[in-house]
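Working notes, beginning with the structure itself.
None of the figures in this text is laboratory data; all of them are computed from the coordinates on show. Model, not experiment: these values are computed from the prediction. Please note: Cβ atoms are built from the backbone with ideal geometry, for glycine as well, and neighbour counts cover all protein chains shown.
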Amino acid sequence: MNYCLGLSFALLAASTLPAQDYKTTVENPKESKLILKDFIGELPIEGYAGNEIVISGAPDVSLPERAKGLKPVYSGGTDNTGMGLFVEKTGNQVTITCLVSFAKEANYHIKVPENISLKLTSGCERQNSVEISNMKNEVDINICNSIRIKNSSGPLVLSTINGPVDVVFSEIGKDKPNSIASINGEIDVTLPAASAVNLEMRNMQGGMYTDFDLPAEDKQMKRVGGGAINARLNGGGVSLKLTSINGNIYLRKK
C-alpha cells in the first residue's frame, strides 16, 4: 500500500515538473543575428539585458508506441534541443527552425539579448502571430498574421498579409529606414512626440489618422484622407513608411 502510494506521488510530481528550458549563449549580441523560422501560433519574444537565447514551453514531442527504437525525422532539420527545434550556429548567426507540424500546437516563449538583430519568417499555413518587446536592434518580420511590437528603438521592417500591426517605439533610430506594411489589416504606430522622421503613408481602401502636426491640420486625432501622404515630422530625419491596402493607418504621439 505504502509503495503504491509513494509511486503515485512520484508520478504526479514528475507530471507537474516544468519543461526544461533550452539555452544557447551569444558571445557578442550587438554584432549577432537571430533568425527564427516556421514557428507556430502565438510567439512572445522578449528582449533582456543578457547574452543567452532562452526558449521555454514546448509541444509534446514524445514518440508513439510503435516508434520505439526509432528516431523522428523532419524536412527542416534534426531536433537537437528535445523541444521540436533545430538550432544552428554559424559565426555570429543563430538560426532556429521550428520542426513541429503546423497541425499541432506549440507554445514557445523566447527571451533574447536586447541588442541582437532579429529576423522572423513563417508561411501562412503556420498561423504564426508575434509579440515582441524591449528590442534595441533591427527587427525584420515577414508573416501572415498579427504583429505587435512594444518598446522598440528599431529599425523595423515588418510585413504581414492578413493581420493588424501595432507598434510602440521607445525611440526611433537615426541610421536605417523603417517600413511597416499590412495587406489586409490596420496599422497603429506610436512615436515619441519629438521623433524626427520623413513620413510616407500609403493607403488604398482605408483612412489615415494622426495627432502629429501636419500642414493645415490641428492637434486632434482626425482623418487625413486616403491615397498618399508625405511629411517631415520635427524637421525630418529617418524614413518611416506605413502601407496598408485594406485597413486604416493610425500614427500617434507618445
*asked:* On a full-extension model of 0.36 nm per residue, what is the gain between Thr95 and Lys68, subtracting their alpha-carbon distance, rounded to one decimal in nm?
replied: 6.8 nm
_Suppose only helical runs count, i.e. DSSP H with n ≥ 4. What mean residue ellipticity at 222 nm does that imply for the chain under -39500 (n - 2.57) per run, divided by all residues and rounded to the nearest 500 deg cm²/dmol?_
-2000 deg cm²/dmol
*Separation between the Gln205 and Glu42 pseudo-spin-labels, each 7 Å from Cα along Cα→Cβ, expressed in nm?*
2.8 nm
*asked:* For the pair Ser75/Ile161, report the inter-label distance in nm, with labels modelled 7 Å from Cα in the Cβ direction.
replied: 1.6 nm
_Compute the angle between helix 2-16 and the longest alpha-carbon principal axis of the chain, please, reported from 0 to 90 degrees and rounded to the nearest 10._
20 degrees
_Which of the three applies to the range 40-112, rounded, prolate or oblate, going by the alpha-carbon gyration tensor with a ≥ b ≥ c and a/c under 1.5 meaning rounded?_
prolate
_Checking the a/c ratio against 1.5 first, then a/b against b/c, what shape does the Cα gyration tensor give for the chain?_
prolate
*Kindly provide the GluC sites (Glu not before Pro) of the range 50-108 that DSSP labels as loop, not H, G, I, E or B, and whose Cβ sees at most 11 other Cβ atoms within 10 Å.*
Glu105
*In the range 125-191, what trypsin sites (Lys or Arg not before Pro) fall in a loop by DSSP, with at most 13 other Cβ atoms inside 10 Å?*
Lys174
*State which entries of Lys174/Lys253; Lys30/Lys241; Lys37/Lys241; Lys176/Lys254; Lys104/Lys241; Lys30/Lys104 exceed 28 angstrom in Cα-Cα distance in the structure shown.*
Lys104/Lys241; Lys30/Lys104
*Calculate, for Glu88 and Asp213, the FRET efficiency according to 1/(1 + (r/R0)^6) with r their C-beta to C-beta distance and R0 35 Å; round to the nearest 0.05.*
0.15
*Express in nm, to one decimal, how much length is gained between Lys174 and Asn107 on full extension, taking 0.36 nm for each residue of separation and deducting their alpha carbon distance.*
20.6 nm
*Scan the range 32-97 for trypsin sites (Lys or Arg not before Pro) in coil per DSSP, keeping those whose Cβ has at most 11 other Cβ atoms within 10 Å, and list them by number.*
Lys68
*Normalised by the number of residues in the chain, what is the relative contact order in percent for Cα pairs under 8 Å and 6+ residues apart?*
16 percent
